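The values are calculated or read from the model by the stated rules, or taken from the named source; none is laboratory data. Bear in mind that the values here come from a model prediction, so they are computed numbers and not experimental data. Neighbour counts run over all protein chains shown; Cβ positions are idealised from the backbone, glycine included. Remember, those area values only see protein heavy atoms, side chains included, never the ligands or the DNA or RNA. Shrake-Rupley method; radii C 1.70, N 1.55, O 1.52, S 1.80 Å.
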Amino acid sequence: MNAFDQYEVWFVTGAQLLYGGDAVVAVDAHSNEMVKGLNLSGRLPVKVVYKGTANSSKEVESLFKAANNDEKCIGVITWMHTFSPAKMWIHGLQQLRKPLLHFHTQYNKEIPWDTMDMDFMNLNQSAHGDREFGHICTRMRIRRKVVVGYWQDEEAQRKIAVWMRVCAAWADSQDMLIVRFGDQMNNVAVTDGDKVEAEQRMGYHVDYCPVSEVMEYFKQVKDTDVDELTATYFREYDHDAALEDKSTEAYLKVWNSAKAELTLRAVLKDKGAKGFTTNFDDLGEFDQIPGLATQRLMVEGYGFGAEGDWKSAALCRSVWVMNQGMTGGCSFLEDYTLNFDGDRSAILQAHMLEICPLIAANKPRLEVHFLGIGIRKSQTARLVFTSKVGKGCAATVIDLGNRFRLIVNDVECIKPKPLPKLPVASALWIPQPNFEVGAGAWILAGGTHHSCFSYDLTAEYWEDYAEIAGIEMLHIGKDTTISSFKKELRLNEIYYMLNKSLC
Ligand code: MN
């Protein structure tokens, strides 16, 4: 879990001095033990740091201000050990800008029926203390995750772990730069949107980098470095031996791809960017879109969106962050073509080139083929593979004009047939609950043809993300019906019209 070493989550215990100093000392000891237990569980990806009991309005305010200003702190967990009168949380909650998780748990697991007395009661009061806290959060319209369960139970810890990963992606997003190499693809509506509002709402910043500037980096790339990277490709990926023949055009195409990768990596590093977009009509000296480069940069965590799709680039980066240390993998994907086959009807997911090898079922194969799209129709290198079989989750963010909407669809990746004439990386999935309802609901929601896919994430991650960001989320899953989904769409229109602060 080294990926999140730079982060911590604070644990604050709500108490009060009504029960005397001894009670607070005991509360403190219980909290320490619980935080230690959470950290030793091995289930939490981010370290929990106990910040003591909060016994007054001043203490809460000062703790939350400190959380806001601490770069390592990506979220705050609160737990009301004793009855903590909630007015004392008002000023702190008014200021808290970090994600909040309210943990409704208790130090003691089972009621000690034979021995329980009033002293015991004074130390195990979360049953009503947490409701008092919940009330003030709800009254103040504080967005948070509520986790209910015994602190040693796997399920409660799993829910906290989910939230922690989302908090990490959220923190990462507040310091995220997405660079657009070229503009949006002309006339495309769904990949466009309000970049100013995106920065206010999701935190990330989107810049434009003219391809002429990219070409300045291109000129600086050393041939020896390109030779070396080309050799790395041949070591890392399956390929035809003939591809290594330096006298062929195919070899030159692989070499050109390596040069493109070195160019893009240099620009991204210089700018401190965490993601990028490309446009196949704006290539400068590149001999084709830098597809292989994009595939490899995605593995390293650079978010990617094709055709200028900066919202997908940013979301892909967040997915990659949340996925750290998990085994399934994630990628940018596009709805490519449909396969009608009764209850196995599915959608082929692919792109011209840019699919991340993290989702590959087998070792990717390096191949060179013609790509007839864009201003420079030519042979170009790419990694070819099919995705793993299994359940996953696809997500996208669209701009509705007055707000952002996150759309999430559970999907099941199934085994595709070989595609000898379409040598690209691909996945084949059945959207849940089935093709008709899944695709129908996605279209009614206004979802993109691009999505950010992960085998490891579930709708719960996205629910936490939407809660933190304060954006609308629609989940299409096993229980979705078109008529209930349409009702949700209509009700959300009213909800967001009335809740101007969320628009
Ligand atoms: Mn596309």
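Applying 1/(1 + (r/R0)^6) with r as the Cβ-Cβ distance of E412 and H369 and R0 = 25 angstrom yields a FRET efficiency of 0.30. Placing +1 on each Lys and Arg Cβ and -1 on each Asp and Glu Cβ, with no other charges, gives region 404-457 a dipole about its Cα centre of roughly 260 debye.
Computed over region 187-283, the convex hull of the alpha-carbon atoms projects to a mean area of 8.7 nm².
Among beta bridges identified by DSSP and lying wholly in the chain, the antiparallel ones come to about 50 percent.
Given R0 = 25 Å, the distance between the Cβ atoms of S247 and S378 translates into a calculated FRET efficiency of 0.85. Note on exposure: T115, T277 ranked by accessible area (1.4 Å probe, complete protein assembly) read T115, T277, with the most exposed listed first. Compactness of the chain, taken as the C-alpha radius of gyration over 2.2 N^0.38 Å, stands at 1.08. In a reduced charge model with +1 at each Lys and Arg Cβ and -1 at each Asp and Glu Cβ, region 8-173 shows a dipole moment near 940 debye about its Cα centre.
Between D70 and Y495, the contour length at 0.36 nm per residue exceeds the alpha carbon distance by 149.6 nm. At the residue level, E59 shows approximately 80 square angstrom of accessible surface with a 1.4 angstrom probe and all protein chains present.
Scalar couplings 3J(HN,Hα) for region 127-137, obtained by applying the Karplus form with A = 6.51, B = -1.76, C = 1.60 to θ = phi - 60°, are 3, 9, x, 5, 6, 4, 5, x, 4, 5, 4 Hz; x denotes Gly and Pro. Mind giving me the nanometre distance, one decimal, between the label points for A127 and W113, set 7 Å out from Cα along Cα→Cβ? Rounded to a tenth, the inter-label distance reads 1.4 nm. So, R0 is 22 Å and r is the distance between the beta-carbons of K391 and N362; what FRET efficiency does that work out to, to 0.05? About 0.70, to the nearest 0.05. Its Cα centre serving as origin, region 377-490 has a Cβ charge dipole (Lys and Arg +1, Asp and Glu -1) of approximately 720 debye.
With every protein chain in place and a 1.4 angstrom probe, the accessible-area ranking of S56, S426, largest first, reads S56, S426.
Could you state how much accessible area C393 has, in square angstrom rounded to the nearest 10, with a 1.4 Å probe and all protein chains kept in place? Counting only protein heavy atoms, the figure is 0 Å². Near F404, the amide H atoms lying under 5 Å from its own belong to E472; only residues 5 or more places off or on other chains count, and H is placed 1.01 Å from N. Relative to the current alpha-carbon distance between N339 and M326, full extension at 0.36 nm per residue lengthens the span by 1.7 nm.
Scalar couplings 3J(HN,Hα) for region 475-483, obtained by applying the Karplus form with A = 6.51, B = -1.76, C = 1.60 to θ = phi - 60°, are 10, 10, x, 5, 9, 6, 10, 5, 5 Hz; x denotes Gly and Pro. Our coupling estimate for region 290-301, obtained by passing each phi through the Karplus curve with A = 6.51, B = -1.76, C = 1.60 and θ = phi - 60°, is x, x, 4, 4, 5, 4, 6, 5, 4, 4, 7, x Hz, Gly and Pro reported as x. For C73, the amide hydrogen comes within under 5 Å of the amide hydrogens of E8, counting only partners 5 or more places away or on other chains and with H modelled in the peptide plane. Modelled spin-label separation between N187 and V25, with each label point placed 7 Å from Cα along the Cα-to-Cβ direction: 7.8 nm. Only one residue of A266, S312, Y251 has its Cα farthest out toward the positive end of the dipole of region 177-502, where Lys and Arg carry +1 and Asp and Glu -1 on Cβ, and that residue is S312.
Spin-label pair V299-I90: with each label point 7 Å from Cα along the Cα-Cβ axis, the two points sit 5.7 nm from one another. In the chain, helical runs assigned H by DSSP with n ≥ 4 each contribute -39500 (n - 2.57); averaged across all residues and rounded to the nearest 500, the mean residue ellipticity at 222 nm is -12500 deg cm²/dmol. Taking the inverse of the mean reciprocal distance over all distinct Cα pairs, the Kirkwood hydrodynamic radius of region 8-173 comes to 15.9 Å. Here K486 is the anchor, and the lysines within straight C-alpha reach of less than 19 Å, apart from those fewer than 8 places off in the same chain, are K478.
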